[in-house]
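The values are calculated or read from the model by the stated rules, or taken from the named source; none is laboratory data. Fair warning: this is a prediction, and the values are worked out from it, not measured in the lab. Glycine also receives a Cβ, built like all others from the backbone with ideal geometry; neighbour counts cover every protein chain displayed. The accessibility values were calculated without ligands, DNA or RNA, using every heavy atom of the protein model including side chains. Shrake-Rupley method; radii C 1.70, N 1.55, O 1.52, S 1.80 Å.
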Amino acid sequence: MLDFIARRLVSIVPVLAVVAVFVFLMLRLTPGDPAAVIAGDNATSEQIDDIRTKLGLDEPIWHQFSIWIGNVLQGNFGESFFFKKTVAELIAQRVEPTLALAICTLILAVSTAVPLGVLAAYRHGSLLDRFVMGFSVLGFSVPVYVIGYCLIYVFAIELGWLPVQGYIRIGVDFWGFLERMVLPSITLAVVYIALVARITRASVLEVLNEDYIRTARAKGLSNRVVLMRHALRNAAVPILTVIGIGIALLIGGAVVTESVYGLPGLGRLTVEAVLSRDFPTIQTVILLFSVVYVLINLLIDIGYTIFDPRIRY
């Protein structure tokens, strides 16, 4: 297992190299000039050229890339064009809201979706099963920002139970932090619950038709033991897979959710950086997301061996 983990960690290097080259080239080859954005609408062409020279954007692309990748290898991610801070400092300030949103969403989604999926499979064809299937279709059909604005209208504006927008650090005010995490977490979790519940239902339903489940029931085991110890454990591999895929959806949805709720996280930073053509910030955030994707896939592969001892690497 340790050899497998070491190989997977080493495999991150070529993945990040491809991502770095692709993102760098795409940003330079797509229309839009950061120097013109910084200079403003009334700037002259000379002023724009001066800014471009100061930022090194007038150099050949290969030269810009060699300087940037050389700095990244030394742990220097450059300085933001617009925020007047180093990118590392900027990300350190913005990572907490995104991390908090992701953890709250994961806890809410997995703790809701897996039991729903198991119950829907156990009560196949019942009203509960039809409700779960209908919710899954609805969760995929409605855009995240529509769910967000509906929740804000009902629970923040009409009922006044929760704040509309904003973020408070957990170390400053714990209850204030929870109040501001409820609506964003539910908004993002709806899609995730729809995905995980549907796959859990299908996986458990398939396992419930296996001979060893009938044998377990014939031994007189309770339904709870049959479901939790035999059915869910043997259906865990596809569920783990879809949870990993769902995390990719979660990161993409965080960009929209943070904008709707005014959370100062990495998703909102990405939107701001893209709109202002802030190359160093965009490149670093995408590299960071790539590392997260690879590490999550590694954790899922390790999870396979825990739930299914037949899997060996």
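Could you list, in sequence order, the residues of the stretch 141-191 that are within 15 Å of VAL256 (Cα to Cα) and either among the aromatic types (Phe, Trp, Tyr) or in contact with a Pro (Cβ under 7 Å, 6 or more places away or on another chain) (or both)? Within the stretch 141-191, TYR145, TYR149 meet the criteria. So for the stretch 143-151 (the condition being of a type in the set (Ser, Thr, Tyr), free of Cβ contacts under 8 Å to residues at least 40 places away in the same chain, at negative phi and open to solvent by 80 Å² or more (accessible area, probe 1.4 Å)), does at least one residue qualify? No, every residue in the stretch 143-151 fails to be of a type in the set (Ser, Thr, Tyr), free of Cβ contacts under 8 Å to residues at least 40 places away in the same chain, at negative phi and open to solvent by 80 Å² or more (accessible area, probe 1.4 Å).
The residue list ILE51, ILE5, ILE12 contains one member that is in contact with a Leu (Cβ under 9 Å, 6 or more places away or on another chain), free of Cβ contacts under 8 Å to residues at least 24 places away in the same chain and either over 17 Å from ALA273 (Cα atoms) or exposed (fewer than 10 other Cβ atoms within 10 Å of the Cβ) (or both), which is ILE51. Residue check: is ARG277 of a type in the set (D, E, K, R) and on the phi < 0 side of the Ramachandran plot? In short, no. Looking across LEU240, LEU266, LEU275, one residue alone is under 29 Å from VAL144 (Cβ atoms) and out of contact with any Phe, Trp or Tyr (no Cβ under 9 Å at 6 or more places or on another chain). It is LEU275.
When residues in the stretch 65-96 are screened for being open to solvent by 60 Å² or more (accessible area, probe 1.4 Å) and assigned to a helix (DSSP H, G or I), 5 of them pass.
Yes/no matrix, rows are residues, columns are (1) more than 30 Å from ALA216 (Cβ to Cβ); (2) assigned to a helix (DSSP H, G or I); (3) out of contact with any strand residue (DSSP E or B) (no Cβ under 7 Å at 6 or more places or on another chain); (4) open to solvent by less than 10 Å² (accessible area, probe 1.4 Å):
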{"position": "ARG233", "(1), (2), (3), (4)": "no, yes, yes, no"}
{"position": "LEU240", "(1), (2), (3), (4)": "no, yes, yes, no"}
{"position": "ALA254", "(1), (2), (3), (4)": "yes, yes, yes, yes"}
{"position": "THR257", "(1), (2), (3), (4)": "yes, yes, yes, yes"}
{"position": "LEU263", "(1), (2), (3), (4)": "yes, no, yes, yes"}
{"position": "ARG268", "(1), (2), (3), (4)": "yes, yes, yes, no"}
{"position": "GLU272", "(1), (2), (3), (4)": "yes, yes, yes, no"}
{"position": "PRO280", "(1), (2), (3), (4)": "yes, yes, no, no"}
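When GLY40, GLY32 are checked against the criterion of being touching a residue at least 60 places away in the same chain (Cβ under 8 Å), over 22 Å from VAL72 (Cα atoms) and open to solvent by less than 60 Å² (accessible area, probe 1.4 Å), GLY32 stands alone in meeting it. When residues in the stretch 107-166 are screened for being of a type in the set (Val, Ile, Thr) and within 14 Å of ILE199 (Cα to Cα), 6 of them pass.
Only one entry in LEU221, LEU208 is buried (at least 18 other Cβ atoms within 10 Å of the Cβ) and on the phi < 0 side of the Ramachandran plot, namely LEU208.
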